[in-house]
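Asks: Here it is: the structure, laid out below.
The values are calculated or read from the model by the stated rules, or taken from the named source; none is laboratory data. Since we're looking at a predicted model, the values are computed, not measured. Reconstructed Cβ throughout: ideal geometry from the backbone, glycine too, with neighbour counts over all protein chains shown. SASA here: full protein model, heavy atoms, side chains in, ligands and nucleic acids out. Shrake-Rupley method; radii C 1.70, N 1.55, O 1.52, S 1.80 Å.
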Amino acid sequence: MTGSELVAENSQEHLPVLLQEAVSHLLSGSGASAELSEPSDVFVDATFGRGGHSREILKQLTPNSRLIGLDRDPEAVVQGAVLAAQDQRFSIHQARFSELSQVLDELKIGSVQGILMDIGVSSPQLDNAERGFSFAADGPLDMRMNPTEGQSAADWLNSAEEADIAQVLWMYGEEKNARRIAKAIAAARPMHTTLELADAVSQASPKPRGPQRKHPATRTFQAVRIFVNEETTELERGLEQGFQSLALGGRLAVISFHSLEDRKVKHTFRQLSQPPKMPRRLPLRHVDALVPGRLVCPPIKAALAEQTANPRSRSATLRVIERVLISD
């Protein structure tokens, strides 16, 4: 379910965004031993996707290291099983972000040296019309990252109240025309395909005065996908469980692809890396002013060459935090 495995122009190869930057910062934490040779050196790729980041991480780990892959998408898990059969240091587990702690508990892993989270929808999901994530080609209006659980986009859109649809479009898509589009969706029901939804949104959207940079349904598709997959809640729980699972000096690296995700990551990392705000003149013990995390670097964007080769990388942002304090 990774957001960054992009398809290069005229190529079927899936290219993970910010590959070297993400892996370098992930493996540079003081929580990893100098030679990455201890049995306790465990890393997690929490969004395996098609394994681009995992394969690069494995290239830099020694035989005694271990990499745990997670993904909620059954198709990604199938791909992960292939890699697991090739490399005994790797294992794949079908799980959401919110199930990270559960997976580590089941594996009897107390803490890890690094966790990579690559948020959002992946290129294989977007490029497969049958998954229903994209308006580029007609397909079933599904959008579930795990097609075996929860409501599909069609199920929800065909049954939800118009006001609820408008609220979702505003909250998760920051769509200015949310009410107008929600009304059009309600009038067009029942709808079962991606192009039916895209057409309804296009007809309800004001015509741009100049060149149109984005398809008018972009924000609507984003909002419905986030809602159907509970992505906001999953991200919150993943960030919390991920940081708490880090060993001292371990790092959490997160790649986000739109402003809602990035704001959440930024806010969470800021809270973890700054002392709590207290009323002025209130006596404060030194221990209460300690912070558990340290920001490793400023936000990292894809280089111009990468953006040119993979247009979807233009919105990618990498943030990294290191755990510097373990509370009792």
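Asks: Q88 passes all but one of (1) at pLDDT 95 or above; (2) part of a loop (DSSP other than H, G, I, E, B); (3) closer than 17 Å to I119 by Cα; which number fails?
Replies: The number of the failed condition is (3).
Asks: For H93, only one of the following conditions fails: (1) assigned to a strand (DSSP E or B); (2) on the phi > 0 side of the Ramachandran plot. What is its number?
Replies: It is condition (2) that H93 fails.
Asks: Out of I119, I185, report the one residue that is in contact (Cβ under 8 Å) with a residue 24 or more places away in the chain, under 30 Å from L61 (Cβ atoms) and open to solvent by less than 70 Å² (accessible area, probe 1.4 Å).
Replies: Every option except I119 fails the conditions.
Asks: Among (1) free of Cβ contacts under 8 Å to residues at least 60 places away in the same chain; (2) assigned to a loop (DSSP other than H, G, I, E, B); (3) of a type in the set (S, T, N, Q), which single condition is N146 missing?
Replies: (1)
Asks: Could you check how many residues of segment 165-182 are open to solvent by 60 Å² or more (accessible area, probe 1.4 Å) and over 24 Å from L126 (Cα atoms)? Reasoning before the result, please.
Replies: Within segment 165-182, the first condition is being open to solvent by 60 Å² or more (accessible area, probe 1.4 Å), and the residues that meet it are 167, 170-171, 174, 176, 179-180.
Next, only the ones that are over 24 Å from L126 (Cα atoms) stay: 167, 176, 179-180.
Total satisfying the criteria: 4.
Asks: Give me the pairs, please: first residue somewhere in segment 20-42 and of a type in the set (V, I, T) and part of a helix (DSSP H, G or I), second residue anywhere and at pLDDT 55 or above and open to solvent by 30 Å² or more (accessible area, probe 1.4 Å), beta-carbon distance under 8 Å, and either six or more positions apart or on two chains.
Replies: As it stands, the answer is V23/Q60, since those pairs meet every condition given.
Asks: Follow-up. E240 - would you say it is more than 24 Å from the chain's Cα centre (by Cα) and open to solvent by 70 Å² or more (accessible area, probe 1.4 Å)? Quick ask: steps written out before the conclusion?
Replies: Working: more than 24 Å from the chain's Cα centre (by Cα): no; open to solvent by 70 Å² or more (accessible area, probe 1.4 Å): yes.
Judged against the criteria, E240 is not a match.
Asks: So which pairs qualify, if the first residue must be in segment 316-328 and farther than 18 Å from G249 by Cβ, the second must be among the aromatic types (F, W, Y) and open to solvent by 10 Å² or more (accessible area, probe 1.4 Å), the Cβ gap must be under 8 Å, and the two must be at least 6 apart or on different chains?
Replies: Filtered contacts from segment 316-328: A316/F257; T317/F257.
Asks: Tell me which residues, restricted to segment 204-235, are open to solvent by 80 Å² or more (accessible area, probe 1.4 Å) and in a helix (DSSP H, G or I).
Replies: Here is the first cut: in segment 204-235, the residues open to solvent by 80 Å² or more (accessible area, probe 1.4 Å) are 207, 209, 211-214, 219, 230.
Selection gives R219 alone.
Asks: Within segment 67-74, is even one residue of a type in the set (D, E, K, R), touching a residue at least 60 places away in the same chain (Cβ under 8 Å), under 22 Å from F257 (Cα atoms) and not in a loop (DSSP other than H, G, I, E, B)? If you could, list the steps in order and put the result at the bottom.
Replies: Of the residues in segment 67-74, the ones of a type in the set (D, E, K, R) are 71-73.
After this cut, where a residue has to be touching a residue at least 60 places away in the same chain (Cβ under 8 Å) as well, the list is 71-73.
In the following step, the residues that additionally are under 22 Å from F257 (Cα atoms) were identified as 71-73.
Restricting the remaining residues to those that are not in a loop (DSSP other than H, G, I, E, B) gives 71.
Yes, because at least one residue in segment 67-74 is of a type in the set (D, E, K, R), touching a residue at least 60 places away in the same chain (Cβ under 8 Å), under 22 Å from F257 (Cα atoms) and not in a loop (DSSP other than H, G, I, E, B).
Asks: Quick one: R131 ticks every box in (1) among the charged types (D, E, K, R); (2) touching a Gly at 6+ places or on another chain (Cβ under 9 Å); (3) farther than 21 Å from D73 by Cα except a single one, so which number is it?
Replies: Evaluating R131 over (1) among the charged types (D, E, K, R); (2) touching a Gly at 6+ places or on another chain (Cβ under 9 Å); (3) farther than 21 Å from D73 by Cα leaves (3) as the failure.
Asks: So, one more: Within segment 122-164, can you find the residues that are at pLDDT below 95, farther than 30 Å from I300 by Cα and buried (at least 24 other Cβ atoms within 10 Å of the Cβ)?
Replies: G132 - this is the single residue of segment 122-164 that is at pLDDT below 95, farther than 30 Å from I300 by Cα and buried (at least 24 other Cβ atoms within 10 Å of the Cβ).
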